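Visitor: Can you read through this structure? Questions will come right after.
The values are calculated or read from the model by the stated rules, or taken from the named source; none is laboratory data. None of the values given here were measured: they were computed from a predicted structure. Ideal geometry is used to build each Cβ from the backbone, glycine not excepted, and the neighbour counts take in all protein chains shown.
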Amino acid sequence: MRIKKSVIVVLVLVLLGVAGIFTSKALKNDEKPIDNDGENISLKSDTPKDNEPVPNPPEPEKPIEDEKKPQIDSVPLQEEIADTYFDDAVFIGDSRTEGFMIYETIDATFYTHKGLMVDTIFTNPVITKDGEKITIMDALAKDSFDKVYIMLGINETGWQSSSLFIKKYGEIIDSIKKINPNAIIYVESILPVSEEVSLNHDYIKMSKINEYNDLLKEMAKEKSVYYLDISSSVANEQGYLPDDAATDGIHLNKNYCDKWLQYLKTHYIVEN
C-alpha cells in the first residue's frame, strides 16, 4: 500500500511539472495577451530601470513652410493714404490717363500720349527730355521712380490677336523691371465704356475689354506685379460706364477721375 501511494504521489508531481512547462511556454509564445476588454496589453514595462538613461522623446517634425510669395494678384483695401504717396510715382497711359492728369492735382510724373499702345510705347518719340523727343521707355530709363502705374489697352481692343496684346504688355513689364528692379509696378484695369459705345463703336466693346482685363490679371500674377481693379470704382451694376461719367462714353469727367484717384488712395502697397 505504501508503495502504491508513493507511486501515485510521484505521478501527480510529474503531471504537475509537465503542466507547468506547457503553461510557461504558452506565456512566452503570446507576447501580448488579451485582457478582458479585448485590448492588447504589453508585458514590457515602460518604466526605466535604475541608472538606465531615459531616452529623449522624438521632436515633432516641423511643417515645411512654403516660400513667402507676395499677394500679387490682390491689393488690399486700406485706410486712405496721403497724396504724397504719389510723389515718386509715374503714370503711363493713353488719353484717358491724360484726362486723369488734367483733373487731379497729385504731384506725380505723367508719361502719356493720345492713342498710346503697348507697341508704340517702345517706338514713338512722344516725351521731351533735354530738348529732344524720346520714347516713353527711353524716358523711364533716364529717371528713377518707386512706383509705376500703367493703363493701356482701350486702343488695342481693335486688334485681332489678344495674345499679341498681352505679349507686348508683358514686354513692357519686363523692360521696367530691368530699368528699375525695385519699383512697385501697378497694372491698372482697362476702364469700361458706356453701353451705347459698346453697342455702336466699330471695335471698342465691353466683351473685349473684359477679355483683356482677365488676361491682365493672369499676367500680373505671372510677372509678380500688382493688378488694380480700377473699373470696379467707376462701373455701374451692369459693368458699363454710367452715362453721367463721360460725355463721349469713354473719357472720364472730373467726378469719375476723383473716384479713380480715391481707389488708388485706398488700394496701395507700402514696402520697406
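Visitor: For Tyr186, state whether it is buried (at least 21 other Cβ atoms within 10 Å of the Cβ), on the phi < 0 side of the Ramachandran plot and part of a helix (DSSP H, G or I). If you could, list the steps in order and put the result at the bottom.
Guide: Working: buried (at least 21 other Cβ atoms within 10 Å of the Cβ): yes; on the phi < 0 side of the Ramachandran plot: yes; part of a helix (DSSP H, G or I): no.
No: the conditions fail for Tyr186.
Visitor: Looking only at residues in segment 163-183 that are aliphatic (A, V, I, L, M) and closer than 25 Å to Tyr268 by Cβ, which one is surrounded by the fewest Cβ atoms within 10 Å (Cβ to Cβ)? Lay out the reasoning, then the answer.
Guide: Pass one, segment 163-183, residues aliphatic (A, V, I, L, M): 164, 166, 172-173, 176, 179, 183.
Within this subset, residues satisfying the condition of being closer than 25 Å to Tyr268 by Cβ are 166, 172-173, 176, 179, 183.
On the way: Ile166: 20, Ile172: 23, Ile173: 19, Ile176: 22, Ile179: 17, Ala183: 19.
Filtering first and then ranking leaves Ile179.
Visitor: So, of the residues in segment 136-162 that are outside any helix (DSSP H, G or I) and of a type in the set (Gly, Ala, Ser), which turns out to be surrounded by the fewest Cβ atoms within 10 Å (Cβ to Cβ)?
Guide: Of segment 136-162, the ones outside any helix (DSSP H, G or I) are 143-154, 159-161.
Subsequent filtering for residues that are of a type in the set (Gly, Ala, Ser) retains 144, 153, 161.
Working: Ser144: 12, Gly153: 27, Ser161: 10.
That would be Ser161.
Visitor: For segment 76-112, which residues satisfy the criterion of being under 17 Å from Ile184 (Cβ atoms), part of a loop (DSSP other than H, G, I, E, B) and within 24 Å of the chain's Cα centre (by Cα)?
Guide: Residues satisfying the conditions are Pro76, Gln78, Ile81.
Visitor: Now for a different question. Go over the candidates Lys177, Lys167, Lys217 one by one and state the one that is at pLDDT 95 or above, farther than 22 Å from Met137 by Cα and basic (Lys, Arg).
Guide: Values: Lys177 fails: farther than 22 Å from Met137 by Cα; Lys167 fails: farther than 22 Å from Met137 by Cα.
Going through Lys177, Lys167, Lys217 in turn, just one is at pLDDT 95 or above, farther than 22 Å from Met137 by Cα and basic (Lys, Arg): Lys217.
Visitor: If you go through segment 194-213, how many residues are outside any helix (DSSP H, G or I), surrounded by fewer than 20 Cβ atoms within 10 Å (Cβ to Cβ) and either within 22 Å of the chain's Cα centre (by Cα) or not basic (Lys, Arg) (or both)? Explain how you work it out, then say what you get.
Guide: Here is the first cut: in segment 194-213, the residues outside any helix (DSSP H, G or I) are 194, 201-205.
Subsequent filtering for residues that are surrounded by fewer than 20 Cβ atoms within 10 Å (Cβ to Cβ) retains 201-205.
Now narrow it down to the ones that are either within 22 Å of the chain's Cα centre (by Cα) or not basic (Lys, Arg) (or both): 201-204.
Number satisfying all stated conditions: 4.
Visitor: Of the conditions (1) β-branched (Val, Ile, Thr); (2) assigned to a helix (DSSP H, G or I); (3) surrounded by fewer than 17 Cβ atoms within 10 Å (Cβ to Cβ), Thr128 satisfies every one except a single condition; which number is it?
Guide: (2)
Visitor: Please find, among Tyr268, Tyr240, Tyr226, the residue that is in contact with a Ser or Thr (Cβ under 7 Å, 6 or more places away or on another chain) and over 19 Å from Asp94 (Cβ atoms). Please lay out each step first, then the result.
Guide: Working: Tyr268 fails: in contact with a Ser or Thr (Cβ under 7 Å, 6 or more places away or on another chain); Tyr226 fails: in contact with a Ser or Thr (Cβ under 7 Å, 6 or more places away or on another chain).
Result of the check over Tyr268, Tyr240, Tyr226: Tyr240.
Visitor: Which residue out of Leu191, Leu216, Leu264 is in a helix (DSSP H, G or I) and under 28 Å from Gln160 (Cα atoms)? If you could, list the steps in order and put the result at the bottom.
Guide: Numbers: Leu191 fails: in a helix (DSSP H, G or I); Leu264 fails: under 28 Å from Gln160 (Cα atoms).
Answer to the selection: Leu216.
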